[in-house]
Each structure stands twice: as structure tokens, then as C-alpha cells.
Amino acid sequence: MAIEIEQPRVGLSKIAVSKTHGEDSPYFAGWKAYDENPYDEFRNPSGVIQMGLAENQVSFDILEEYLEQHAEEASWGKKASGFRENALFQDYHGLQSFRKAMASFMEQIREGRAKFNPDRVVLTAGATAANELLTFILADPGDALLVPTPYYPGFDRDLRWRTGVNIVPIHCDSSNNFQVTPQALEAAYKNAESLNIKVRGVLITNPSNPLGATIHRSTLEQILDFVTIKNIHLVSDEIYSGSVFSPTEFTSVAEILESRSYKDCERVHIVYSLSKDLGLPGFRVGTIYSYNDRVVTTARRMSSFTLISSQTQQLLGSMLSDEKFTGNYITKNRERLRNRYEKMVGGLRNAGVECLEGNAGLFCWVNLSPLLENQTRESELAVWEAILHRVKLNISPGSSCHCSEPGWFRVCFANMSEKTLEVALKRIQSFMEERKITSG
Amino acid sequence: MTHTRTQTQPRTPQSDADTTSTTSGGRATTAMRVIVPLQGVVQGRGGLVLGSVIPCALFYFLQFYLKRHRPGPTPTTPPSTPPEAAEVSSPPLHRVQSRSIVSPRGRPQWTPMMRKIIQMVFFQLGLAENLLCVDLVQDWLAANAKNSIVGRDLSISGIATYHPSEGLMELKLAVAGFMSRVMERSTSFNPSQIILTAGAAVAIEMLSFCLADAGNAFLVPSPYSPDLDRDVKWRTGVEIIPVPCRSTDGFSLSTTALDRAFTQAKKRGLRVRGIIISNPSNPVGNLLNRETLYRLLDFATEKNIHIISNEILAGSTHGSEEFVSLAEIIDSEDLDRNRVHIIYGLSKDLSLPGFGMGVIYSFNENVLAASKKLTRFASISAPTQRLLIAMLSDTNFVDKFIKTNRERLHRICSEFVAGLKQLGIECAKSSGGFYCWADMRGLIRSYSEKGELELWDKLLNVAKINVTPGSSCHCIEPGWFQCCFTMLTEKDIPVVMERIAKVSETCKSHS
């Protein structure tokens with residue numbers, strides 16, 4: 001019998017086989033458990049409740065109503081010529097009308113405290129793409145971005161995978177509510193230096209994910225001063241800006257630039273998206289707003305690799321330009337999120353669980369360190385697994401957010417109905433009571 | 001290293017005898033050059049008064065419009081002093097420079113209104129977009145768009161929430177069916193081997209990222225589409241090694257040339273990871289026959305490399321030649337399918353460029369897995385997916401569209417090619433795509449890239465026709481030009497030919 005000569009397997013790239021996409025972490029493993037046994041009020045009341053997905057479903061009805069009423073305008077029913085102009089030959093510039101709409105929406109969220117020029121708006125298919133694109137432009141493979149911890153687990157993939165850029169953490173802790181300090185910034189920078197890694201910028205998320213809190217104005221000023229002295233970039237991911245419970249508590253880096261008469265603004269870039277504030281992640285709408293002309297031009301060309309369909313731009317453009325609608329939406333959305341937050345925090349407090357004081361976002365930063373056997377990552381993961389498999393709640397462990405203090409968890413409250421939230425809170429209460437009894 | 005040719009932007013031509021404008025700015029002079037010929041056109045019909053008033057009115061309108069809608073970013077407030085630190089205001093230089101790929105076919109940065117005005121006198125033959133059947137799509141959308149996105153059965157929450165980033169299964173099914181129909185049912189496509197992306201450029205770049213490391217290379221038969229330089233090389237750091245095809249071979253690919261290119265690459269220390277072909281080919285428009293495809297597969301197997309077949313124009317074949325997809329060859333062969341990947345998309349075959357829909361069709365599980373994860377960065381928005389599902393499932397519409405598109409393509413191609421022939425300009429055999437590959441070697445003053453670009457400049461500024469010169473497609477023989485005819489109507493063809501004739505006369509008289 002002839003021996004088969006095995007054909008050498010045709011190889012793939014390092015990127016294709018690397019694990020930097022991070023989809024093996026607990027953050028994603030919890031989602032798997034949910035997918036296998038999802039909670040349903042009637043059909044599966046003992047299933048896993050998904051509290052690890054930062055999605056905003058509290059204001060769907062407002063959107064639904066608007067889109068259904070205005071579906072004619074959204075499609076090309078009456079404006080057949082509109083199709084020809086807009087759909088054909090989609091430029092990476094995007095529709096001017098849509099860029100204008102995005103700029104004005106961003107202004108409205110900041111209550112006019114900052115102005116946005118539509119010509120600086122670059123469209124991308126989601127904030128994920130926007131962050132990756134900026135990283136490609138601002139840094140070379142092997143360079144680093146400084147990112148405050150804890151941070152969104154997706155950054156490990158979005159900022160590092162294809163770009164080959166490193167993330168060097170800026171360590172924050174609970175002693176000052178996880179706010180960034182000049183010392184922490186300096187320490188992170190020195191850390192990168194000692195590793196012979198060139199730092200190209202700082203990337204902050206404001207309001208923060210997973211903290212669910214806005215960055216203080218004074219802290220923003222300090223960060224801006226730091227990047228200016230070090231002559232590096234600042235990327236401010238403001239995708240939760242429309243989800244701040246009280247608009248006056250949010251300061252965008254754009255406002256600070258305006259107060260400084262745009263001096264030295266070429267190092268600043270803002271990322272925004274409609275996925276969180278409008279609850280439309282399926283639409284894949286993100287933007288980069290840069291004060292740097294070269295970055296805008298390069299980002300536009302690069303956005304060929306992450307376009308938003310003209311149809312989607314058409315669909316949303318008129319909605320976002322309708323200032324009466326957006327004003328009303330933003331106000332209602334803030335209110336409903338605040339109510340959810342208060343319900344969540346109240347329920348947790350009753351169960352004896354403390355949270356970080358938050359004022360934004362779709363989640364709470366919850367302190368479960370009293371439940372840990374040891375103040376270690378392993379103990380944290382043990383608690384996480386217990387909550388996932390016994391309490392049937394998928395929450396995100398702080399370690400997947402690179403938090404330096406074990407015991408913190410991100411718990412989402414906006415991606416479910418109020419009833420489901422109540423069920424989840426009850427489960428937490430019973431779990432905590434059980435623990436009290438067993439620990440005596 | 002591949003010689004990336006940089007072309008001058010068409011927008012600020014250096015000299016032109018016609019202009020009488022003294023206004024400042026390259027844009028104004030360009031506008032003037034546009035208006036002057038218009039004067040001639042109008043004068044023929046409306047007399048002197050109209051002939052002067054209309055162009056002047058248009059000119060002022062255009063000026064006004066240009067001022068208000070200047071393309072390109074303007075700073076919110078200009079910085080008081082130019083930034084000293086070069087570091088920040090210039091992002092990593094070597095990367096940015098390699099990113100300033102400029103070609104005369106570069107995307108026009110004009111607004112739709114400007115485009116309308118320019119189009120009145122300016123013929124864009126450098127853009128491979130198909131307007132021939134736009135009426136069919138428009139009609140379908142008018143009748144169906146509203147209900148297909150948000151209808152009785154579809155709520156916003158159904159399309160708003162997170163979706164699998166590589167595309168809804170329903171859409172994959174619809175796309176698999178469409179691909180099969182377009183290729184005249186010669187082969188069927190498995191939906192689970194499909195990854196959907198927000199455009200064909202994305203699909204090509206994604207495969208580039210998955211199959212090669214920075215510093216590796218792909219072999220690409222030349223001439224090839226200028227877009228490939230960006231899609232394959234820009235962010236990936238992967239090289240393209242052109243494999244020259246010659247007019248004497250009808251621009252078909254020879255295995256000898258492939259082999260030679262592969263060996264040369266090896267000598268230079270470049271690791272070749274795959275071959276990228278386009279079928280129908282761009283810019284020439286020929287189809288690869290079975291024999292060539294078999295030989296390619298053998299070559300790839302022997303060297304243990306990948307093959308990527310860009311079949312994005314499969315539905316735009318219009319000759320009598322048979323289109324054979326690489327997928328069909330695979331069906332009948334017993335070989336390692338892990339090296340075969342097909343690119344497709346809807347923008348060309350369905351006249352929907354604005355929609356951005358690309359397809360990776362692969363037989364390699366690992367490539368599918370990696371690509372799936374990469375679609376996070378470029379997935380198609382949900383309402384667009386819904387619309388496409390509805391459109392592709394309307395098989396009556398699809399069949400009618402494919403048939404009509406082919407008929408219209410065939411007609412306009414024949415007329416265009418015949419028109420050129422009358423001027424003494426022959427075209428390479430074209431059986432697919434929106435363009436023809438025209439032999440203008442007889443018109444260029446010197447048989448060189450310089451001569452070719454001089455002719456291109458004349459065609460642009462005198463004849464007001466934008467075509468793509470062979471040098472930006474990396475053609476080794478100067479004098480060939482790609483002319484796209486799908487943005488023309490039959491009435492436009494005589495006008496275009498007349499203009500080319502004028503230029504051709506001046507070229508001949510100079511030689």
C-alpha cells in the first residue's frame with residue numbers, strides 16, 4: 001500500500017492565527033453560557049440573564065415610532081432621483097447631509113457647549129472600526145497607547161490585533177473612585193519607556209466603560225496638559241456621551257479645547273457612535289472627529305475599509321437632523337437610564353452590595369470584593385463562575401477589564417426589560433442572603 | 001519592489017491654451033475649461049445670447065457653489081501659530097506617505113450637485129460604476145424599500161440590536177442563491193462558506209491580512225486595477241509583485257511569467273503567499289478559461305500558496321464567451337481546497353455601489369473563522385441587510401435584472417468599441433466588465449509612460465474625457481487606456497467619439 005505523502009498545509013498569516021482577538025476571555029465566555037441558556041420571562045424563567053452586554057434598549061419605542069412614521073422619507077419611495085445621487089458611487093466622504101446631521105447631534109448632546117464642523121466628521125462602520133482606524137493612523141506596530149484601567153475588554157482586540165500596537169495601562173484604583181491622576185499617567189509613560197516602547201497617545205473613554213461615570217473636568221485638563229507636554233495624541237471615546245443622566249455633569253474634551261481657543265488641538269480626536277446612545281448597534285454607525293487635517297484626510301481614505309451604506313445614512317440622516325425629535329429623545333433617554341440606574345443601585349444596596357457612584361452609561365461598577373476568598377484574580381473568577389452558573393447572571397469580571405483591584409464587576413441594566421431587571425435583583429438578593437447564612 | 005506610480009491629480013492642469021480666466025485658484029480655472037466648451041454646445045442651438053448668458057450664469061453659480069462647498073476639511077478655527085512639534089501634526093510619516101496613493105482615477109471629491117454640472121460637459125470614463133440599469137433598481141426600491149426594512153413583521157428592535165457581524169444567515173442564503181444565478185447555475189454556493197463585509201475592498205484587505213504577513217507578497221497579473229494597490233498593500237504591509245501580461249498574448253496570463261515572477265521574488269527574499277486574479281479581469285475585461293484556471297491551481301498547489309479569485313464582475317459578462325468560476329473548477333477537482341478563496345460583491349453586478357456589500361467565499365475553515373472575527377470592523381448595517389434580503393429573494397427581479405444588464409452592456413460595449421474602431425483605435429477583446437481596454441499606442445508621441453500621460457492629459461483637458469491610463473494599472477506596455485462606458489447613454493457615444501477624434505487628429509499632426 002502506497003504511503004500517502006501529506007501535502008504541506010497551506011499557511012495563514014500570524015494575524016489570522018493569533019489570539020489577540022481576545023475572544024477566549026471570560027468576557028466572551030459568559031456570553032456563550034447565555035447563548036446556550038438564555039432567560040425568557042415565560043419560556044425559560046430560570047435561564048441566564050444577560051447582564052454583560054452594554055446595549056441600550058430602554059428607548060426603543062421612541063425610535064420605533066419615529067422610524068415607522070417617517071419610513072417613506074427613509075426609503076426612496078418618492079425621491080427616486082435621490083437614490084441615483086446618493087446610492088451611486090458611494091464616496092468615502094459620505095453624504096454631506098448625514099455628516100451634518102451627526103455633527104449637529106453631537107452638538108445637541110453637549111447642549112451646544114461645543115461646536116462640530118461636518119467636514120471634520122469621518123464615517124466608519126461603528127466605533128470599533130473608528131478606534132482601530134485611529135490606532136492605525138496614530139501609531140506604528142510596536143508602539144503603544146496608554147489606556148486607563150479598568151477599560152472595555154474589546155480594546156484589546158480593537159487597538160492591538162491588526163495594528164500590532166500595544167496597550168500600556170494607566171493604573172487607577174478605588175482610593176479616588178478610579179479617576180486618572182497625573183502620577184498614574186507619568187508612571188504608565190515611564191513603564192512604556194522602560195520597555196523601550198514608544199508612546200503615541202492616550203486613549204480615554206468618557207463617560208467611562210466600565211465605570212459608568214464621567215471624567216471630571218479637572219482630570220480632563222490634566223490629561224490634556226500631559227499629552228501636550230509629552231507631545232502625543234489624545235483619543236477621547238465619547239460613545240456614551242448621550243447616556244449621561246444629567247447633561248451638566250459631562251464635559252467633553254471638545255469643550256475644553258474651545259475654552260483654550262483650540263490651541264494645540266491637532267493632537268485631539270473624538271470617537272462617537274450611535275450604538276449606545278440611540279441603541280442602534282445593528283446599524284453600524286460610528287464616527288471619528290479629528291481636529292487634525294491630515295488625520296481627517298487619511299482617516300477618510302481609510303474609511304473605504306469600513307463604509308456605512310448610503311441607505312443607512314439616508315435612513316438616519318433625516319431623523320438626526322430633526323432637532324425637535326432628537327432633543328426629546330435625548331432628554332427621555334437620560335431620564336429612563338437614570339431611573340434604571342437608581343433601581344439597580346437601590347436593589348443592590350438592599351442586598352448589601354455597594355457600587356461605585358455612577359452618573360452615566362448602561363451599567364454599574366459593582367464591588368463584590370467582600371465575597372472573595374482572597375483578594376486575587378483567581379478568587380474573582382471563582383465568584384464570577386458561581387454567579388454565572390448558580391445565580392444564572394452573566395456579569396463581567398473586572399479582570400477582563402484589566403482592573404488592578406480584584407472583586408469589581410460590571411453589571412449592565414439597560415439591555416433588558418424592567419421586569420427582567422427585577423428578577424435579576426431578586427436573584428442577587430437571595431444569593432447574598434444565602435452567603436450571609438453560610439458564612440454565619 | 002513594486003513601482004508604485006504616482007499620477008498627477010487631474011484637477012489642476014498646468015497649461016491650456018483655451019483658458020481666458022484670470023481668476024485665482026486651480027478650481028476656478030478648471031471650471032472655466034468646463035464652461036468654454038459648453039458655450040460651443042449651446043451656441044449651436046440657442047444663439048449668441050443664450051450661448052453667452054447660460055455659461056456665465058453657470059460659471060458664477062459654480063463659483064458660488066465651490067466657495068460654499070469646498071471639498072476637504074477646514075479647521076474649526078485656524079490655529080494661531082503653526083504647530084512646532086512635527087511629531088503630533090504628522091502622524092507616523094512613513095506609513096502616511098505610503099498611504100498617499102494617488103491615481104488619476106482617484107475618487108472625485110465633488111458633491112453630487114457639482115457632479116451633475118460637471119457631467120453635463122465632462123465625460124467620466126474612469127469610474128467603473130454601472131448606470132445602465134439604475135432604472136430597474138430605482139423602480140424596485142420605490143415599490144419595495146419601505147416594507148422591506150420596517151414593516152409589519154419587522155420591528156426596529158429586530159434590526160437595531162447586535163447581529164452576527166459576518167452577516168445574517170438569511171442574507172448569506174440569498175447571496176449564495178444570487179451568486180449561483182449570476183454564474184448561470186454552473187455551480188452552487190454554500191452559505192456557510194460565506195462571510196459578508198461592508199464592501200469588496202474590505203473583503204480583499206481582509207484576505208490580505210489573513211493569508212500574508214507584513215513583508216510577504218502576492219503575485220498579481222498586470223495590468224491590474226489600481227484599487228488593489230490600496231486594498232492589498234496599504235495597512236497590511238504586504239507587497240504586490242506584478243506578473244506582466246502582453247498584448248501579443250491578448251493580455252492572458254502565462255504560467256511561464258508566473259513562474260519567473262515567483263523565482264525572482266524568492267531571489268529577492270520575498271515570500272509569496274498567493275496569487276490574486278480577477279475574472280472577468282479588470283482593467284482588460286477578458287475571461288479566464290478553464291485551462292488557465294486549471295494551470296493556476298496546479299501552480300498554486302506546486303508552490304503551496306493561495307489563490308484569490310476576484311469575481312465581482314461575474315454578472316457583468318456580455319460576450320459569447322463562457323464565464324467559469326473558480327468555484328466550478330474546484331467542484332470537479334480533487335485537490336486541497338484550503339487554498340481557494342473567491343471575492344464577490346453586489347456593488348457592480350446589481351448597480352448598488354453605495355450599499356457596500358462584499359463577499360468572501362472560502363473553502364478554508366480557518367480563514368472563515370479569522371475573517372468572521374475581522375468583520376467586527378466592517379459589517380453591513382442591519383437595515384441594509386434586510387433590504388438586500390428582500391431584493392435578492394425577489395427572483396423575478398433578479399433574473400430580469402441580470403438579463404437586461406447583460407443586454408444593455410453588450411449593446412453599449414459594441415457601440416463604444418465600434419466607435420473607437422472607426423477612429424483607428426482597436427480594443428482588446430472584452431467579454432466582461434464595464435469597460436474596454438483601448439490601444440492608443442498610435443496616438444502617443446513617445447512610446448513611454450511620459451508619452452502616455454501626455455495623451456491622458458490631452459484627453460482630460462481637451463476632450464474632457466477622464467480615462468484610466470495603463471501605467472496606473474501597472475501595464476508594462478505604454479499606450480493602453482481603460483475606458484468605462486457604463487455611465488454613458490447611447491446618445492453620448494458620438495459626442496465622446498468626436499472629442500477623441502479631435503485629440504487624435506492633433507496627436508497625428510504632431511507626430
Note: A:280-290 gets an average of partner chain Cβ contacts (10 Å, Cβ to Cβ) equal to 5
For B:Glu415 the rounded accessible area (nearest 10 Å², probe 1.4 Å, non-protein molecules ignored) is 70 Å²
Any chymotrypsin sites (Phe, Trp or Tyr not before Pro) in the stretch B:221-273 that lie in a DSSP loop and have at most 13 other Cβ atoms within 10 Å would be none
Heavy-atom accessible area of B:Glu426, protein chains in place, probe 1.4 angstrom, given in Å² to nearest 10, is 90 Å²
Expressed as a percent, the accessible surface of the stretch A:129-176 that is carbon or sulfur, using a 1.4 Å probe and the full set of protein chains, is 46 percent
Placing each pseudo-label 7 Å from Cα in the direction of the beta carbon, A:Asp173 and A:Thr248 end up separated by a distance in nanometres of 3.5 nm
Per the 1/(1 + (r/R0)^6) rule, R0 = 60 Å and r from the Cβ atoms of A:Asp225 and A:Glu433, FRET efficiency to 0.05 is 0.80
Applied in sequence order to the stretch A:186-194, the curve 6.51 cos²θ - 1.76 cosθ + 1.60 (Karplus, θ = phi - 60°) yields integer Hz couplings, x standing for Gly and Pro, of 4, 4, 5, 4, 5, 4, 4, 4, 5
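What ratio of Cα Rg to 2.2 N^0.38 Å holds for the stretch B:163-398?
0.96
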Rounded to the nearest whole number, the per residue volume of the convex hull around the C-alpha atoms of the stretch A:321-392 in Å³ is 124 Å³
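Assuming a ≥ b ≥ c are the square roots of the Cα gyration tensor eigenvalues, decide whether chain A counts as rounded (a/c under 1.5), prolate (otherwise, with a/b larger than b/c) or oblate.
On the way: a/c = 1.30, a/b = 1.19, b/c = 1.09.
Rounded, because the longest to shortest axis ratio a/c is under 1.5.
Quick check: residue separation of B:Glu170 and B:Asp331 times 0.36 nm, minus the Cα distance between them. What number comes out in nm?
Numbers: separation 161, 0.36 × 161 = 57.96 nm, distance 2.41 nm.
Between B:Glu170 and B:Asp331, full extension yields an extra 55.5 nm.
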A:Lys190 and B:Tyr294 label points (each 7 Å along its Cα→Cβ direction) are spaced in nm at 7.1 nm
Quick calc, the stretch B:163-398, dipole around Cα centre from Cβ unit charges on Lys, Arg (+) and Asp, Glu (-), nearest 20 debye, gives 780 debye
The set of residues whose placed amide H lies less than 5 Å from the amide H of A:Val244, leaving out same-chain residues fewer than 5 positions away, is A:Gly361
Applied in sequence order to the stretch B:474-485, the curve 6.51 cos²θ - 1.76 cosθ + 1.60 (Karplus, θ = phi - 60°) yields integer Hz couplings, x standing for Gly and Pro, of 6, 7, 7, 9, x, x, 9, 9, 8, 10, 8, 10
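Can you tell me, using C-alpha contacts under 8 Å and at least 6 residues apart, the relative contact order of the stretch B:163-398 as a whole percent? Walk me through the numbers before you get to the answer.
Working: 415 pairs, mean separation 65.0, N = 236.
Across the stretch B:163-398, relative contact order equals 28 percent.
State the extension gain, in nm to one decimal, for the chain segment bounded by B:Asn366 and B:Ser188, taking 0.36 nm per residue of separation less the distance between their alpha-carbons. Intermediate results must be reported in sequence, preceding the final value.
Working: separation 178, 0.36 × 178 = 64.08 nm, distance 2.14 nm.
Full-extension gain reported as 61.9 nm.
What is the stretch B:219-261 by shape, rounded, prolate or oblate, if you read a ≥ b ≥ c off the alpha carbon gyration tensor as root eigenvalues and call it rounded for a/c under 1.5, prolate for a/b larger than b/c, and oblate otherwise? Don't jump to the answer; show the numbers that get you there.
Working: a/c = 4.57, a/b = 1.85, b/c = 2.47.
Oblate, since a/c reaches 1.5 and b/c is not below a/b.
Is the stretch A:253-370 rounded, prolate or oblate when judged by the Cα gyration tensor, a ≥ b ≥ c being the square roots of its eigenvalues, rounded requiring a/c under 1.5 and prolate requiring a/b larger than b/c? Numbers along the way, then the final one.
Values: a/c = 2.14, a/b = 1.59, b/c = 1.34.
Taking the square roots of the gyration eigenvalues as a ≥ b ≥ c, the stretch A:253-370 is prolate.
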Sorted on mean Cβ neighbours within 10 Å (highest first), peptides B:173-179, A:357-363 come out as A:357-363, B:173-179
Between A:Val199 and residues 5 or more places away or on another chain, the pairs with built amide H atoms under 5 Å apart involve A:Ala144
In the stretch B:163-398 the DSSP beta bridges are antiparallel at a rate, in percent to nearest 5, of 35 percent
Ranking A:Ser379, A:Ser174 from most to least accessible area with a 1.4 Å probe gives A:Ser174, A:Ser379
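Scan the stretch A:108-211 for GluC sites (Glu not before Pro) in coil per DSSP, keeping those whose Cβ has at most 13 other Cβ atoms within 10 Å, and list them by number. All intermediate terms of the calculation are to be shown ahead of the outcome.
Numbers: sites: A:Glu111, A:Glu132, A:Glu186, A:Glu193; in loops: A:Glu111.
Here the sparse-neighbourhood loop sites are A:Glu111.
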The stretch A:78-325: antiparallel bridges as % of DSSP beta bridges, rounded to 5, reads 35 percent
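For A:Lys230, B:Lys464, write out the residues from largest to smallest accessible area, computed with a 1.4 angstrom probe and no ligands counted.
So, going from the largest accessible area down, we get A:Lys230, B:Lys464.
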Sorted by accessible surface (1.4 Å probe, heavy atoms of the protein chains only), largest first, B:His306, A:His389, B:His163 come out as A:His389, B:His163, B:His306
Given unit charges at Cβ for Lys, Arg (+) and Asp, Glu (-), the dipole magnitude of the stretch A:78-325 about its Cα centre in debye, nearest 20, is 660 debye
With the dipole of chain A defined by +1 on each Lys or Arg Cβ and -1 on each Asp or Glu Cβ, the option from A:Gly286, A:Gly361, A:Asn374 whose Cα lies farthest towards the positive pole is A:Gly286
Taking every residue of A:262-269, the Cβ atoms of other protein chains inside 10 Å of its Cβ average out to 5
1/(1 + (r/R0)^6) with r = Cβ-Cβ of B:Thr255 and A:Lys426, R0 = 56 Å, i.e. FRET efficiency to nearest 0.05, evaluates to 0.20
Rounded to the nearest 10 Å², the accessible area of B:Arg230 using a 1.4 Å probe with every protein chain kept is 40 Å²
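Filter the chymotrypsin sites (Phe, Trp or Tyr not before Pro) in the stretch A:269-352 down to the DSSP loop ones having no more than 10 other Cβ atoms within 10 Å, then list what survives. Mind dumping the intermediate values first?
Numbers: sites: A:Tyr272, A:Phe283, A:Tyr289, A:Tyr291, A:Phe305, A:Phe325, A:Tyr329, A:Tyr341; in loops: A:Tyr291.
Hits after loop and neighbour filter: nothing returned.
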Buried accessible area between B and A, both sides, 1.4 Å probe, in Å² rounded to 100, is 8100 Å²
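Could you compute the net charge surrounding A:Asn328? Neighbours are other residues with a C-beta less than 15 Å from the C-beta of A:Asn328; K and R count +1, D and E count -1.
Working: positive: A:Lys324, A:Lys332, A:Arg334, A:Arg336; negative: A:Asp61, A:Glu64, A:Glu65, A:Glu111, A:Asp277, A:Asp322, A:Glu323, A:Glu335.
Once positives and negatives cancel, what remains is -4.
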Residue by residue through the stretch B:308-322, the couplings from Karplus 6.51 cos²θ - 1.76 cosθ + 1.60 with θ = phi - 60°, in Hz, x for Gly and Pro, are 10, 10, 8, 10, 5, 10, 4, x, 10, 7, 9, x, 9, 5, 7
For A:Glu41 and A:Asp293, extending 7 Å from Cα along the Cα-Cβ vector and measuring point to point gives, in nm, a value of 5.6 nm
Note to self: C-alpha centroids of the stretch B:226-281 and the stretch A:416-440 sit apart, in Å, by 63 Å
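Counting only other chains, and only Cβ atoms inside 10 Å, what mean value do you get across the residues of A:159-166?
Working: counts 0, 0, 5, 7, 1, 2, 0, 0.
Per residue, the average neighbour count from other chains is 2.
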Listed by chain and number, the residues whose amide H is under 5 Å from that of B:Ile275, excluding neighbours fewer than 5 places away on the same chain and using placed H, are B:Leu219, B:His306, B:Ile307, B:Ile308
Taking R0 as 35 Å and r as the Cβ-Cβ distance between B:Glu498 and B:Tyr447, the FRET efficiency 1/(1 + (r/R0)^6), rounded to the nearest 0.05, comes to 0.85
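The values are calculated or read from the model by the stated rules, or taken from the named source; none is laboratory data. Here the structure is a predicted model, which means the values were calculated and not measured. As a convention, Cβ positions derive from the backbone with ideal geometry for all residues, glycine included, and neighbour counts pool all protein chains shown. For accessibility, only protein heavy atoms count, side chains too; no ligands or nucleic acids. Shrake-Rupley method; radii C 1.70, N 1.55, O 1.52, S 1.80 Å.
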